[in-house]
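One structure below.
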Amino acid sequence: MSKLNLLPVLLGGVVLLATARAQNEPPPASPAMREVSPGIYEIGQIRLDQKARTVTFPGVLNMNDGNLEYLIVTEQGNTHESLLVSDVAPSDLHFAMLLLGAKGAGKQNGDLPPAQIDAKFLKTAPKLKGDSVNITVRWKAGDAEKSAPVEDWMINTETKKPVERGPWIYNGSMFNDGHFLAQIEGAHAALVTYPAALINNPRKGNDNDQIWTVNTKAVPAVKTPVDIVITLLPNADAKSQAP
């Protein structure tokens, strides 16, 4: 995508984010966007690489033990059950993904998910659709640079194995009465189906909040800084969640 072709997407993203910040929500400061080299942009703390189809942003390992319902949240999200925490705003990440060419589910309005995800909601939760993305974590161990699919840092207790590697669904969250829910909930990515999150888990068991845990043997120490890399895969939309 050329700089010229980026412009309509950029303007569309601005419109979406303006809507998300309406209705008495205090607007976060808009991150500066600059081109650091051909096809590579910085948007606040986010680095967008057009050729590689990636967005990269900082976070920290939040848990090295325990049950999980989320993959990535902000400090305002459910940190007690999330593997990773990042102070990058979900609205900024969504903006970067729009620039990269992601479309999400294409549905910007819908019913508000319950404040507390429970078994009843999970049994009737919608099958989410969107773009296929891979998620990788990079970190330092001493002087060594390490990288792994984020799935390797989690265990499915039903299979007693690391979570199956493969794409996640970039569904793009949703609006409710003009509010961008990912921003309100601090929800970047969920393991258990949650339409308000930007990214959801398509794997079997995404309706079960009891089977996802930290892979204690694979993760570094809590508070280890990480780079989170989201790669937008070719092939347009992801398939809907399949149990």
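The values are calculated or read from the model by the stated rules, or taken from the named source; none is laboratory data. Because the structure is predicted, anything quoted here is derived from the model rather than measured. Positions of Cβ are backbone-derived with ideal geometry, glycine not excepted, and every protein chain shown enters the neighbour counts. Protein only, heavy atoms only, side chains kept; ligands, DNA and RNA dropped before computing areas. Shrake-Rupley method; radii C 1.70, N 1.55, O 1.52, S 1.80 Å.
Figures for the structure shown
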read-out	value
Potential lengthening between GLN210 and ASP177 on full extension [0.36 nm per residue; Cα-Cα distance subtracted]	8.7 nm
Amide N proximity, region 180-194 versus ASN67 label position 7 Å along Cα-to-Cβ, cut-off under 15 Å	191-193
Heavy atoms of LYS140: accessible area, 1.4 Å probe, square angstrom to 10	130 Å²
Rounded to the nearest 20 debye, dipole of region 60-109 from Cβ charges on Lys, Arg, Asp, Glu	380 debye
Accessible surface ranking that places the most exposed of ARG53, ARG47 first, with a 1.4 angstrom probe	ARG47, ARG53
Segment LYS160-SER147, length gained on full extension (0.36 nm per residue, minus Cα span)	2.4 nm
Accessible-area ranking of TRP139, TRP168, largest first, probe 1.4 Å	TRP139, TRP168
Net charge of Cβ neighbours under 13 Å - reference ASN62; Lys, Arg +1; Asp, Glu -1	-4
Environment charge of ASN134, counting only residues whose C-beta is closer than 12 Å and scoring Lys/Arg +1, Asp/Glu -1	0
Region 125-243 - percent of accessible surface contributed by carbon and sulfur, probe 1.4 Å	49 percent
Nearest-10 value in Å² for the accessible area of HIS80, using the 1.4 Å probe	130 Å²
Cα-Cα over 22 Å, subset of LYS146/LYS217; LYS103/LYS204; LYS146/LYS204; LYS129/LYS204; LYS127/LYS204; LYS140/LYS217	LYS103/LYS204; LYS146/LYS204
Summed side-chain charge close to ILE46 - residues other than ILE46 whose Cβ falls under 12 Å, Lys, Arg +1, Asp, Glu -1	-3
Per-residue HN-Hα couplings for region 201-213 [Karplus 6.51, -1.76, 1.60; θ = phi - 60°; Hz; x = Gly/Pro]	9, x, 7, 4, x, 5, 9, 10, 8, 10, 10, 9, 9
Amide H within-cut-off set for VAL226, under 5 Å, with H built and near neighbours excluded	GLY59, VAL60, LEU61
